[in-house]
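Structure first, then comments.
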């Protein structure tokens, strides 16, 4: 594996920040080396400087997209941390349905949810399954589930909804697997009725949230650690603009809005924390 020099790290870290907003500090040299080495080999690059030059010269941005796919962390699994899904099923969904039903007499209540940094789709499909389990289906409700991610490869897999045996083994019990997936050889594909509940699109959280509309629920979990404090503040400001006044924000179980935003107030339900606009 080709080692990266301090000067090359500074250049690539700045470049990665520009194209993705991901902040790589000193000590993350190993991350660049392990994740970009396959691209180096594919392109025949002898140094990280050469990789950077080729990426900058590629006007089709194919190399840039490869770098984003490699660097962006796609660590995820079905029903990750469990507590957010209990929170949704027992607190947030019932409260929302109650409020939205009062405002839409004779019409289907609408639920609009956005999963930011959705990776390969496990979170949004877990939400769709959680909704189905308590009777929230497209036949009874207007459901809009949006999953976004900066990685083309992640969005492609999420859109297709197909996972290998290791991916479905993480977080899915046998009952849910058999109920919501169809086996295709060594892979498992999400059933069409669950797949149809979700839409996926590429999105850089550092760019303006154009055309997103308003959401009742936003999940932005385990992604802010990759941004600077200043950028985290900007992202939370933009999230506040697309969250309904009575909407809900859910972040990672080990994350906090302290020092990042004063636009939200924290609330507790059992062992879970969620946020609403002040």
Q: Go over the candidates 117, 156, 169 one by one and state the one that is assigned by TED's automatic domain parsing to the domain that holds residue 202 and closer than 15 Å to residue 219 by Cβ.
A: 117
Q.
I'd like to check something: does the stretch 214-224 contain any residue that is out of contact with any strand residue (DSSP E or B) (no Cβ under 6 Å at 6 or more places or on another chain) and surrounded by fewer than 14 Cβ atoms within 10 Å (Cβ to Cβ)?
A. no
Q | Matching residues in the stretch 200-223 - criterion: being in a strand (DSSP E or B) and closer than 30 Å to residue 24 by Cα | A | 200, 201, 202, 217, 218, 219, 220
**Q.** Subset of the stretch 219-266 [touching a helix residue (DSSP H, G or I) at 6+ places or on another chain (Cβ under 6 Å) and farther than 21 Å from residue 127 by Cβ]
**A.** 232, 260, 261, 263
Q | Residue list for the stretch 1-46, restricted to those being surrounded by fewer than 19 Cβ atoms within 10 Å (Cβ to Cβ), in contact with a helix residue (DSSP H, G or I) (Cβ under 7 Å, 6 or more places away or on another chain) and farther than 19 Å from residue 69 by Cα | A | 1, 2, 3
Q: Restricting attention to the stretch 153-183, report how many residues are in contact (Cβ under 8 Å) with a residue 40 or more places away in the chain and loosely packed, with under 13 Cβ neighbours inside 10 Å.
A: 0
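The values are calculated or read from the model by the stated rules, or taken from the named source; none is laboratory data. Model, not experiment: these values are computed from the prediction. Cβ coordinates were reconstructed from backbone atoms using ideal geometry, including for glycine residues, and neighbour counts include every protein chain displayed.
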